[in-house]
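The values are calculated or read from the model by the stated rules, or taken from the named source; none is laboratory data. Bear in mind that the values here come from a model prediction, so they are computed numbers and not experimental data. FYI the Cβ positions are ideal-geometry reconstructions off the backbone, even for glycines, and counts take in every protein chain you see. Protein only, heavy atoms only, side chains kept; ligands, DNA and RNA dropped before computing areas. Shrake-Rupley method; radii C 1.70, N 1.55, O 1.52, S 1.80 Å.
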Amino acid sequence: MTDQGRAQYGRGEPLGASYRLVDLLGTGATGEVWRAEHTATGEHVAAKLLRAELAADPAIVERFVRERTVLLGLQHPSIVRVRDLVVEGDRLAIVMDLVAGGSARDVLVTAGTLPPRDALTITAETLDALAAAHAQDVTHRDVKPDNVLLATPFTTGATGDVRVSDFGIASVVADRQRTTTGLLGTPQYMAPESISQGRSGPAADVYGAGVMLYELLAGRTPFAGPGTDFAVAYRHVTSDPPRLDVPEPLWSALATMLAKDPSARPAAADAAATLRRLARQLADAPALAPSADPDSFTEVERPATVVRGVRQDAAESGPTSAEDAGPAPELGPAGSQTVIRPLARQPLPVEREPEAPPRRRWQRPDWLTNRMLGVGALGVVLVAALVVGGVVWLPGALGGDGTPSDARTAQAASAYQQDRPLPTGLSTTRKATIDPERGTVELAITYAAQSATLRGPLLEVLPGADGRADCPAATWTGDEVSGARNQPSLTGVDARCAWALSDVVVPAGEDLTVQATVQLADVLDQAGLQEWLDAAGAATTAAVTDDTVTGTAYPVQRLQGVEVRTPDRTVSQTTLPVTLVPVWPSGADELNPLYRSPSTGRPSEMLTDVAGGESGVRFADGCSGALAVSSDGLVVTALSVAPSCTVRATVGNFTNLESSPFGITTRD
């Protein structure tokens, strides 16, 4: 991506509780990419921030949050690893590994074209990433050289450097049904079915990889030429790609990836294997000279094509000519930027259907005599009688309310729900799937931690369906985590249908999935399942944020903050007492401190749960050298006289903590 216009965010701004923006790397149609720094470790990462107008759309935010678990689950050597999702006010950012070797676009800008071996290798490794994503039902939707990054600066013959980025970005912005009402993607790389029908599945990703391979070989995309981005998009549907001067096996593989019919394209894994074989065969083939854009394109032989975006009134009035539709609007030259644009006001030419010959008035054939008509009528009467009799004879096929009995059984369906990240750094994603054969709901809860290892117990509320009083039975599976009913007399949390999950350990920067089988026979369809799962998430959130609850149970979910307490005054050359006070929904709890410095004995169980123990605590001088901090960051000593000092602290995911001002005096 390249810088475009003024950045919406500024250097040094915080991003969530754990990151700080360092410098702008690039901008695109969906947002800005920044180099960000993890405030606790100093590690640099890449953060893609959605544009403000997109982040302000609740539907887009909801889809982004629901996709988080899917994106985190895309683990493959050729995929840029997604680390975290930050949702903060009007900001929505996806945090990824920082890949420092540039992009395939940068390589094209420098080299113009690549030798077949390198072009095939880069595309094959891109297809490896796509195949891994397709296996998890994730499509990229915007495959292009800009989104293919390299781990190290490009050198000819290198392998294993490809890192595909931006998985899920386009899918999140688009409709979850994978059918859009507008053009989403980059016109230079969009598959014909994406343009003409709004469909974008795995085959469309393979097509995008084929366009990229063509560009790496020729220095231009197959349908680049005069006109706007919509003119280019139209050529994907109506024109054949110009032939390149490459060996026939290579052109055959490339043409197959660029087939107009999605079913004629190979799967990503098969295409990758083919390209690797060709890379070995063409190891010594030289790069082509960069190709100029052609003045015209060969039209494919096809029936009339309708492109999404033609006026609805024109479409309903019958066959439409190019003159009827009007010219495509001038939207600027086509480029490599992703386009997210509704098409309802952007008509494209539509070919006129060939006129059909006039219909002749129907005439009765010679063989259809009056006798034959009589026999046919008798047959119709007999068939009708059998149908009516079947309804009378087979009452068991209908339920008591007259609906088919099959419609009264549960349907296979899935639902997703995610809570907002908690102050401790815990993120919770829930996925529920109906098992029609068993009449149960299979629940998978994924917990993710940010900068500190988090430990249980954790609370989960599994309400009855439709708000019923009866709490469903649940069987928790797995060797590491056990589930039991929450006991209000012990925890102080009095929530109906609540479960306590023990022995939960979520390592820093990783996630853990807990599974349960829930007896919910009344949840029969997708809508009911989603309603129940949303209710489960809302009930759990309400339970852990209840400000009437006192006590220290479930600190990973209930802890809202940490206060750094010191005496109002201390003496120089002495150790400074520091107390970390937990803040619950009900307020600060001075009677049950999280930590005291200097410490005596073992750290509190709460500190172990939310920060991994003393290893998660660090103090820092906030007094310009008047304080000294031990090498382990746990003991603070007052050095010199100062009228007003503060102590800074980090406790697990709680960063930038600071005490109230205090003074340092001498013993005299």
Under the 7 Å Cα-to-Cβ spin-label approximation, Leu591 and Thr665 lie apart by a distance in nanometres of 3.3
Search the structure for amide H atoms under 5 Å from the amide H of Gln418, placed 1.01 Å from N in the peptide plane, and list their residues when 5 or more places away or on another chain. Arg430
Bin all alpha-carbon pair distances of region 113-155 at 10 Å intervals from 0 and give each bin's fraction as a whole percent. 24, 54, 20, 2
Set of lysines near Lys144 by C-alpha distance (under 28 Å), chain-local residues within fewer than 8 positions excluded: Lys48, Lys260
Relative contact order, percent, of region 422-516 when contacts are C-alpha pairs under 8 Å separated by at least 6 residues? 36
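Report the calculated FRET efficiency for Ser502 and Asp261 (r = Cβ-Cβ distance, R0 = 60 Å), to the nearest 0.05. Each step should come with its number before you reach the end.
Working: r = 55 Å, r/R0 = 0.91.
The formula returns an efficiency of 0.65 here.
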Region 185-228, Cα convex hull volume normalised per residue, Å³: 66
Considering only protein heavy atoms and a probe of 1.4 Å, how much of the accessible area of region 115-168 is carbon and sulfur, as a whole percent? 52
Which FRET efficiency value, to the nearest 0.05, is calculated for Asp534 and Leu490 with the Förster distance at 41 angstrom and r the Cβ-Cβ distance? 0.90
Scalar couplings 3J(HN,Hα) for region 486-494 by Karplus 6.51 cos²θ - 1.76 cosθ + 1.60 (θ = phi - 60°), nearest whole Hz, x for Gly and Pro, are 5, 10, x, 5, 9, 9, x, 9, 9
Contour minus Cα-Cα span, Ser414 to Leu98, at 0.36 nm per residue, comes to 110.5 nm
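Return the loop-located GluC sites (Glu not before Pro) in region 502-589 (DSSP other than H, G, I, E, B) with at most 13 other Cβ atoms within 10 Å of their own Cβ; answer none if there are none.
On the way: sites: Glu510, Glu531, Glu563; in loops: Glu510.
Filter output for region 502-589: Glu510.
If we count every other residue with Cβ under 13 angstrom of Pro242's Cβ, Lys/Arg +1 and Asp/Glu -1, where does the sum land? List each step's numbers first, then the result.
Values: positive: Arg220, Arg235, Arg243; negative: Glu215, Asp240, Asp245, Asp293, Asp295, Glu299.
Summing Lys/Arg as +1 and Asp/Glu as -1 gives -3.
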On full extension of the chain, what length is gained from Ala273 through Thr159, given 0.36 nm per residue of separation minus the C-alpha to C-alpha distance? 39.6 nm
With label points built 7 Å along Cα→Cβ from the Cα atoms of Asp525 and His44, find their separation and express it in nm. 5.3
I need the peptides 211-217, 624-630, 497-503, 194-200 ranked by packing, meaning the mean over residues of other C-beta atoms within 10 angstrom, with the highest value on top. 211-217, 194-200, 497-503, 624-630
Leaving out ligands, DNA and RNA, and with a 1.4 Å probe, what % of the accessible surface on region 425-541 is carbon or sulfur? 47
Over region 431-482, with the other protein chains present, what is the accessible area per residue in square angstrom, probe 1.4 angstrom? 44
In region 269-296, which residues have a backbone nitrogen under 14 Å from the label point lying 7 Å from Asp245's Cα in the Cα-to-Cβ direction? 286-292
At the level of C-alpha centres, the distance separating region 216-279 and region 493-571, in angstrom, is 50
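Taking 0.36 nm per residue of sequence separation and subtracting the Cα-Cα distance, how much length would be gained by fully extending the chain between Ala52 and Leu639, in nm to one decimal? Before the final figure, lay out each step's value.
Numbers: separation 587, 0.36 × 587 = 211.32 nm, distance 4.73 nm.
Between Ala52 and Leu639, full extension yields 206.6 nm more.
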Per-pair calculated FRET efficiency, R0 = 60 Å: Arg569 and Thr513 via Cβ, rounded to 0.05: 0.75
Thr550 paired with Thr298, simple spin-label distance in nm, labels 7 Å along Cα-to-beta-carbon: 8.4
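How big is D for region 553-668, in µm² s⁻¹ as a whole number, if Stokes-Einstein is applied with the Kirkwood radius of its Cα pairs at 37 °C and 0.692 mPa s?
Numbers: Rh = 14.4 Å.
For the chosen part, D equals 228 µm²/s.
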